[in-house]
1. Would you call A136 surrounded by fewer than 19 Cβ atoms within 10 Å (Cβ to Cβ), closer than 20 Å to R37 by Cβ and either touching a residue at least 40 places away in the same chain (Cβ under 8 Å) or in contact with an Asp or Glu (Cβ under 8 Å, 6 or more places away or on another chain) (or both)?
2. Taking strands (runs of 3 or more DSSP E) that fall entirely within the range 1-89, which contain at least 3 residues that are modelled with pLDDT under 95 and closer than 22 Å to A191 by Cβ?
3. Would you check if T207 is assigned to a loop (DSSP other than H, G, I, E, B), among the polar types (S, T, N, Q) and under 21 Å from the mean Cα position of the chain (by Cα)?
4. Answer with yes or no whether G128 is modelled with pLDDT of 95 or more and either over 20 Å from D195 (Cα atoms) or surrounded by 21 or more Cβ atoms within 10 Å (Cβ to Cβ) (or both).
5. Contact list please: Cβ distance under 8 Å, first residue in the range 177-202 and basic (K, R), second residue modelled with pLDDT of 95 or more and surrounded by 14 or more Cβ atoms within 10 Å (Cβ to Cβ), pairs at least six apart or on different chains.
6. Taking the conditions exactly as written (among the polar types (S, T, N, Q) and modelled with pLDDT of 90 or more), does T169 satisfy them or not?
7. Let me confirm something: among S180, S203, which residue is loosely packed, with under 14 Cβ neighbours inside 10 Å, assigned by TED's automatic domain parsing to the domain that holds I126 and not hydrophobic (A, V, I, L, M, F, W, C)?
Amino acid sequence: MPVVKTLEGGGADPDGNRFHALLLDRVDSTSAEAARRAAAGAPSGTFVVGGEQTAGRGRRGRSWHSPPGNFYGSLLLRPACRPADAAQLGFVAGVALAETLAAWVPGSQAVQCKWPNDILVAGRKIAGLLLEGSTAGNGVLDWVIVGMGVNLRWCPADADGQFPATTLTAEAPAVDVDASTFLAQLSPVFAAWLDRWDRAGFSPVRTAWLNRAYRLGAGIRVLVENETLEGRFTGIDDTGAMLLDASHGIRVVTVGDVVSARPLPA
């Protein structure tokens, strides 16, 4: 049974497929559209994919330039977990994106996960993630939206100099992947990791993410709101927070605190 199915109007899939894809030529933001559909009662697994975004957004309110040619998708989930555990879904998505890209990019370890929410190829940014969530009045988690942007054919020329951008086309010239093809490849991988997370919790996801972690065991500089931390990146804890072996012991850095994480200068 296929995992992906295009729906007219975004209604529930009577076949019970894990994801229900809604493909839009143009949208302000796939995450904004997914949130609107969540508020209207859309089912878990609704996957909004846009050919172009006119108001895409990244972490900390940054705009995300989103011309045609890349993959822009937001997956609505209604997980039966505590709000505190919802951040684990960012790592589920990171592993799924990395494994999907690795199927096309030469070199088994070329694709890496950069904490907390980027995917790199040989140190160049190819994809980013953004999680948004909502709780009901009683504090129970209502929904989570996993927003994803993947540079398939285009990337900004003025990207961050520390992590210059790249595209799948540049890294794997022998393949030409469009958004629909990427969605078809990503969906079964993502569904499998969600099933594993549902059954076994965060531990296997954490292990898989760490196997691809950028700068694991190496020096890193982390900018948080009010200070700069330096130390050795030793891993992530059960919530997905970074464990940094700094001069005064292990520091726990949460996703919400971080501004940026970069290698220590040589």
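1. On the way: surrounded by fewer than 19 Cβ atoms within 10 Å (Cβ to Cβ): yes; closer than 20 Å to R37 by Cβ: yes; either touching a residue at least 40 places away in the same chain (Cβ under 8 Å) or in contact with an Asp or Glu (Cβ under 8 Å, 6 or more places away or on another chain) (or both): yes.
The answer is yes for A136.
2. On the way: elements: 20-24, 46-50, 71-77.
Of the strands (runs of 3 or more DSSP E) lying wholly inside the range 1-89, those with at least 3 residues that are modelled with pLDDT under 95 and closer than 22 Å to A191 by Cβ span 20-24.
3. Values: assigned to a loop (DSSP other than H, G, I, E, B): no; among the polar types (S, T, N, Q): yes; under 21 Å from the mean Cα position of the chain (by Cα): yes.
So T207 does not fit the description; no.
4. Values: modelled with pLDDT of 95 or more: no; either over 20 Å from D195 (Cα atoms) or surrounded by 21 or more Cβ atoms within 10 Å (Cβ to Cβ) (or both): yes.
In short, no.
5. R196/P204; R196/V205
6. Working: among the polar types (S, T, N, Q): yes; modelled with pLDDT of 90 or more: yes.
Yes: the conditions hold for T169.
7. Working: S180 fails: loosely packed, with under 14 Cβ neighbours inside 10 Å.
Every option except S203 fails the conditions.
Rundown of residues vs (1) surrounded by fewer than 19 Cβ atoms within 10 Å (Cβ to Cβ); (2) outside the structural domain of S31 (by TED's automatic domain parsing); (3) aliphatic (A, V, I, L, M), yes/no style:
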{"residue": "L76", "(1), (2), (3)": "no, no, yes"}
{"residue": "A87", "(1), (2), (3)": "no, no, yes"}
{"residue": "V95", "(1), (2), (3)": "no, no, yes"}
{"residue": "G123", "(1), (2), (3)": "yes, no, no"}
{"residue": "W143", "(1), (2), (3)": "no, no, no"}
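The values are calculated or read from the model by the stated rules, or taken from the named source; none is laboratory data. Remember, it's a predicted structure, so these values are computed and weren't measured experimentally. Using ideal geometry, Cβ is built from the backbone for each residue, glycine included, and neighbour counts are taken over all protein chains shown.
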